[in-house]
Number of protein chains: 6
Amino acid sequence: MNGAEKLQRTDGRRRDEIRPVNVVRPFIKYADGSVLMEMGDTKVICTASIEEKVPPFLRDKGKGWVTAEYAMLPRATHERTQREASRGKQGGRTLEIQRLVGRALRAVTDMSAMGERTIWIDCDVIQADGGTRTASITGAFIALADAFAKLIDQQKLKKIPLTDYLAAVSVGKVGGESMVDLCYEEDSMAEVDMNLVMTGQGRLVEVQGTAERGTFGKHELDDFMALGWDGIQRLVKMQKELVTV
Amino acid sequence: MNGAEKLQRTDGRRRDEIRPVNVVRPFIKYADGSVLMEMGDTKVICTASIEEKVPPFLRDKGKGWVTAEYAMLPRATHERTQREASRGKQGGRTLEIQRLVGRALRAVTDMSAMGERTIWIDCDVIQADGGTRTASITGAFIALADAFAKLIDQQKLKKIPLTDYLAAVSVGKVGGESMVDLCYEEDSMAEVDMNLVMTGQGRLVEVQGTAERGTFGKHELDDFMALGWDGIQRLVKMQKELVTV
Amino acid sequence: MNGAEKLQRTDGRRRDEIRPVNVVRPFIKYADGSVLMEMGDTKVICTASIEEKVPPFLRDKGKGWVTAEYAMLPRATHERTQREASRGKQGGRTLEIQRLVGRALRAVTDMSAMGERTIWIDCDVIQADGGTRTASITGAFIALADAFAKLIDQQKLKKIPLTDYLAAVSVGKVGGESMVDLCYEEDSMAEVDMNLVMTGQGRLVEVQGTAERGTFGKHELDDFMALGWDGIQRLVKMQKELVTV
Amino acid sequence: MNGAEKLQRTDGRRRDEIRPVNVVRPFIKYADGSVLMEMGDTKVICTASIEEKVPPFLRDKGKGWVTAEYAMLPRATHERTQREASRGKQGGRTLEIQRLVGRALRAVTDMSAMGERTIWIDCDVIQADGGTRTASITGAFIALADAFAKLIDQQKLKKIPLTDYLAAVSVGKVGGESMVDLCYEEDSMAEVDMNLVMTGQGRLVEVQGTAERGTFGKHELDDFMALGWDGIQRLVKMQKELVTV
Amino acid sequence: MNGAEKLQRTDGRRRDEIRPVNVVRPFIKYADGSVLMEMGDTKVICTASIEEKVPPFLRDKGKGWVTAEYAMLPRATHERTQREASRGKQGGRTLEIQRLVGRALRAVTDMSAMGERTIWIDCDVIQADGGTRTASITGAFIALADAFAKLIDQQKLKKIPLTDYLAAVSVGKVGGESMVDLCYEEDSMAEVDMNLVMTGQGRLVEVQGTAERGTFGKHELDDFMALGWDGIQRLVKMQKELVTV
Amino acid sequence: MNGAEKLQRTDGRRRDEIRPVNVVRPFIKYADGSVLMEMGDTKVICTASIEEKVPPFLRDKGKGWVTAEYAMLPRATHERTQREASRGKQGGRTLEIQRLVGRALRAVTDMSAMGERTIWIDCDVIQADGGTRTASITGAFIALADAFAKLIDQQKLKKIPLTDYLAAVSVGKVGGESMVDLCYEEDSMAEVDMNLVMTGQGRLVEVQGTAERGTFGKHELDDFMALGWDGIQRLVKMQKELVTV
């Protein structure tokens, strides 16, 4: 990661430095788990809701389910975006992100040990400065753990059915340089944009890398992995201070 | 308003007492005006967005437009509510409320003096403990005033095109007693539920009263008006400390 | 109500005079209750349909339900309006009106005494000259009473589960004058538009007043109430000649 | 057509006898042409609306367009049918019928002689006792002719751009017998159901025959044609008393 | 059918000559019956899928159901057509065709003898050169027979519950001449377009004739019937070589 | 890649062996480029359609656009899947895939050199045995190149505006072993599933790896990259025999 110290990023960060993280918890009094997850100016409300039934395809199998929904408030962005409810459908980007969030959380959940119930995760971005899907995953993990803790308090579960911590961060190539946790300005001029989801033990859960401008090679991929590993470890450290798995 | 002092409400308030009000402002860095409007445990993000064009029916008439959208996060409520974007349409309650908010704001806006532009108001309820539509109106007014102030700063307007302050409060009959600013628990057992929107000078803009259980008479209506007038004056007082019209 | 005699309205009526009322009944041979409700040139087909089941939220509670739908034929209006079925959704105005009609009828229905069944009310405006929602309520009440009478004939009910008569009328301020039962021409230039729903005993069920141009004070509200009370009493008198509650 | 005299139909008609026809005209005061078309207990409101523009594919070609929409009120039928606007889409049967009505009317309209405008035809069935699509066509022709007559009155057209009269009737095989103008009871037990649209001169415009129960041969087709020809001539005779083409 | 030999059609065929027919079978390895049906350059994939349940209206009646869906790939046509899935609804033409295909197949199916199951027919046009709905019916019949044969192989049925063969062809009038099996070029300039569905024994199942340009008389109808009968017999001959009913 | 020789896959392939590839070209006579792309039993029709205009956001910028749509026929799969057009919306998986296909193709297209036009890519899966998205990309590249060649033939372009070849393959971990080009059976039991898109020069364009069962480490990622690089080079070799870039 040589050179990381020299590059001056738009907000003065080093190449390998994630933005300040802040977690407000609990944040919504009715939810079974809830956080306001802030990474720099990106702010996401993540809630977990327990429903005592499972989707039809899982009925009577002794298993549970974790699913996620994602949305942005219309003015979370620089320009106002049309509300999906008034357009009458969720866009492709929304569906892609919420499928990712749900899949990632299920990768560390022992669905056989959570009972026949569904945990609904809602990630609502109230301010978007890049990295909303990774902040959603990192925050949603905490809300999910809190919902499980509530089930233990209610004596509906004996132990938290999570196999590891889970966090996510973006990496990318901007102006020829690899860097971690891109803000919106960096993201909008990135040559490569990659989202990494890893467990507390540093195992990969999701890798999603895209080059719309140009392409990238194996060495760059290795560099992204190293930067991402490091950033995610810091997020997991923060999670460990808040919840125990 | 005799008897207001004696009645003990679920949260200990007097019959004529509104809940604690808190305004965080600005709240979303990209919006042209934004507040987090809190009335007790009801919390609404209100943003104003300037768009430099008008809807087709107003084109080339030298007038502007103010319109509003309203939504609740899925877990703003006791039980999780299905997301309207995933259901594919906005419900009747949502459409009714956002039509009300837009209409109320237009009643104190001089559309001929705001230029050929639209102000979009977004009211997103993040926690719902009753009175979300009235909190939306009271908070949206501040966001709207801030958006107009921004246009003055940008020298696009000379004076704020608002003719008066505007605030709203609910009143109702619960257990046979009239009271102001119902929380969710009161609202869910009310015999009559009424929403009042008034200007700073105490003129009526909207009156919407409904009796689903039983009916009400003219004397009760008079009582509601007096309670509402009083509550709204306190909200306008708060608005006057924040914005100048 | 001084001055009511002097004002000359567009169709020559006095300020406190409702339009000629005509009810054709039954109007649709298959319906369980049906009227063609005419108030001046406003014509609405109101039907009641009995369904021997209730919505999910009421199942096995020993209660019934009354719900309403509203629509306008495309050419009920001066200009042809696009059909909601071809647009793929009902508009906000439609949803608002049908919620109002259903709520108003439920206010005088003893849902515990009507059995576990639903009465569907359909109000289809075939010609719209102002006051379509109030004509819908007044006409729907008759269709509803007829459907209950049919259930008595079929020995499924012992007495009509209605607690009172129910009718509605519009009031408003036009050119600075208060008046009752606005026709389209008056409605389109009104400063204030209010819809009142009352029982046969003159108790209020719904009050919905809106000022898009300007505002209104408490004295005007009182005036609207008096005009509305009078108009509704005439409609209830007509209802009493047709149905017994 | 031997045997037509002997068969006793459910309503006492002969095999070759159409139901009593009644036309109320004009029926809706705002429309440019309107009729209430009654064939027995089938009642359809047909309106014509002039719009001074054409669909995109016809722009600047010096031609006009005639298009139709069809719907049934929810309680036009024995059992209440769900409203298409609330289901969010028009069903296949509706689309099929409105495409048929529009196509049939265009077959007798000289689109080059009607100016660059669209005539919208709306057929709304208020009571359905079989044959609603054929009653729609027969009634819509009159409304269309009236709209053209209005354009002549307004000196926007010099002559009515219709090349012939146009009417429609159903024929079918019920209990092994061919018959004309089936009522709902006959239609619901028919082996073959056919709709015929013909001009005043007896030329065919549409033939739509369907056998869901069993099949039919060429001789039966010939029989249907003869019955249909006869029934349509009676409808055209009625049209000639009302409008001149 | 005199004169059929003289007319030179755009592709050199005689008036009474259908296009070369080719059937690839089976075509999709997962389907319970599948063909690629080619008539000239028109190519349709027809599949049959067995589902071991029936629609709600048939439940517990000891009967089965056959239903069909139809679609065209976006570039099956000269110009690319917008995908119905991205438009959010199936068009009127699509619904009309799939209703026709399902109805036609049911006319030769003994629904009482097929067990309480549904056969889903999917007709997907991959290249459209006229006559896609008739090719769909002719091909779908083979796929349906194959699905029934599979049920016999699985010992779920004892005999094929089809009462006859079934095929379809278009006929029409082009440039004043009657002809069979119109290709796209002929279809787009036809005065009359008619689709005929008949059984192996030459009985009619569906007749759908339309004149958008001009009209047609009884003699022409007779001519269409003769041409269609002949064309369909050739298609049935081909079917008899492939499947036994 | 040690061990690749020993593992016996369900269809007898080696770990590093892609399935037999077959390309039928052209496949649809109307399209501007079209292939039937077969990888084993996975079969996709890929067409390219030239439209001489660009989406609104690109208007008057001298640039072109490449966009893609993806769908599966209902019976492309083991069990019949409901048609998206009849459900009324495209699912999340569909939207995700078509966004991927479009993005990947744009990565090797010089949008500044293709003129102000859009190339629409349609990928319609007619038989799905795993790897439909990667087969879509590999096949769509050929259709795209053919559409550009057609523009050169029409003298609308001087050279093919593609900067490199482009192909895609899936890799994954099944039963603890890494392997390339998973068939459906392998895919449905994979611990890790990854899709790789690379250029002819072996540069990465997209990396999308997912672990729903368990997780994966950096060494496994390196292994996937090597297997994918190799598989894609074979596909590019095939492309080079067909089209020149």
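Since every read-out is calculated from the coordinates, none of them should be taken as a lab result. Only a predicted model underlies this, so the values are computations on that prediction, with no experimental measurement involved. Counting neighbours? That spans all protein chains shown, and the Cβs are built from the backbone with ideal geometry, glycine included.
Observations
- Inter-copy label distances at residue D:22, shortest first and taken from points set 7 Å along Cα to Cβ: 1.4, 6.3, 7.0, 7.0, 7.5 nm.
- Cα-Cα pairs of the stretch C:178-245 separated by more than 17 Å (percent): 46
- Environment charge at residue B:48 (Cβ cut-off 11 Å; Lys +1, Arg +1, Asp -1, Glu -1): -1
- Legend: mean number of C-beta atoms from other chains within 10 angstrom of residue C-beta atoms, peptide A:214-225, equals 4.
- Between residue F:238 and residue B:233, the simple spin-label model (points 7 angstrom out along Cα→Cβ) gives 8.2 nm.
- Label-point separation, residue B:110 to residue C:149 (7 Å along Cα→Cβ), nm: 5.8
- Note on the protein assembly as shown: with charges restricted to the Cβ of Lys and Arg (+1) and Asp and Glu (-1), its dipole about the Cα centre is near 0 debye.
- For the stretch B:47-140, the fraction of alpha-carbon pairs in successive 10 Å shells from zero, as %: 16, 43, 28, 12, 1
- Each pair of Cα atoms in the protein assembly as shown enters the Kirkwood radius, and Stokes-Einstein at 10 °C and 1.306 mPa s then converts it into a translational diffusion coefficient of 44 µm²/s.
- Cα-based helix-to-principal-axis angle, A:92-107 vs chain A, degrees rounded to 10: 60
- Electrostatic dipole magnitude of the stretch E:195-245 [Cβ: Lys, Arg +1; Asp, Glu -1; Cα centre; debye, to 20]: 180
- Ordered by the number of other Cβ atoms lying within 10 Å of each residue's own Cβ, fewest first, A:110, D:230, A:181, E:124 fall into the sequence A:110, D:230, E:124, A:181.
- Looking down the axis that turns chain E into chain F, the chain E residue with its beta carbon nearest that axis, and the gap rounded to whole angstrom, comes out as E:85, 2.
- Antiparallel bridge percentage (DSSP; both residues within the stretch E:1-136; nearest 5): 70
- Taking other residues whose beta carbon is less than 14 angstrom from the beta carbon of residue B:191, and scoring Lys, Arg as +1 and Asp, Glu as -1, yields -3.
- Rg ratio for the stretch D:134-187: its Cα radius of gyration over 2.2 N^0.38 Å, N being its residue count, equals 1.68.
- Taking Cα atoms only, the orientation of helix D:218-242 departs from the longest principal axis of chain D by about 50 degrees.
- Among the residues of E:190-197, the average count of other protein chain beta-carbon atoms within 10 Å of the residue beta-carbon is 1.
- Relative to one another, the C-alpha centroids of the stretch D:203-234 and the stretch F:175-245 are positioned 63 Å apart.
- Distances from residue E:55 to itself in the other copies, using label points 7 Å out along the Cα-Cβ axis, amount to 2.7, 2.7, 2.7, 3.7, 3.9 nm in increasing order.
- Residue by residue along C:60-69, Cβ atoms of other protein chains within 10 Å of the local Cβ number 1 on average.
- Placing unit charges on the Cβ atoms of the charged side chains and taking the dipole of chain E about its Cα centre, the candidate lying farthest along the positive direction among E:24, E:176, E:224 is E:24.
- Selected from B:233, B:65, B:115, residue furthest toward positive end of dipole (chain B; charges at beta carbon): B:115
- The stretch D:109-237: Rg to Rh, with Rh as the Kirkwood radius over Cα pairs: 1.05
- Relative contact order %, the stretch E:54-104, counting alpha carbon pairs below 8 Å whose residues are six or more apart: 42
- Here the stretch E:1-127 is treated with +1 on each Lys and Arg Cβ and -1 on each Asp and Glu Cβ, and its dipole about the Cα centre works out to around 300 debye.
- Debye equation applied to the C-alpha atoms of chain E, log10 I(q)/I(0) at 0.08, 0.09, 0.11, 0.13 Å⁻¹: -0.30, -0.38, -0.57, -0.79
- Tilt relative to chain E, helix E:132-153 - C-alpha long axis, 0 to 90 degrees, to 10: 20
- Its Cα gyration tensor gives the stretch B:77-130 an equivalent ellipsoid; the semi-axes, largest first and in whole Å, are 28, 13, 10.
- Simple spin-label estimate for residue F:189 and residue B:58 gives 6.4 nm between the two label positions (7 Å along the Cα-to-Cβ direction from each Cα).
- Other-chain or far-sequence residues with amide H under 5 Å of residue B:165's (modelled H): B:200, B:201
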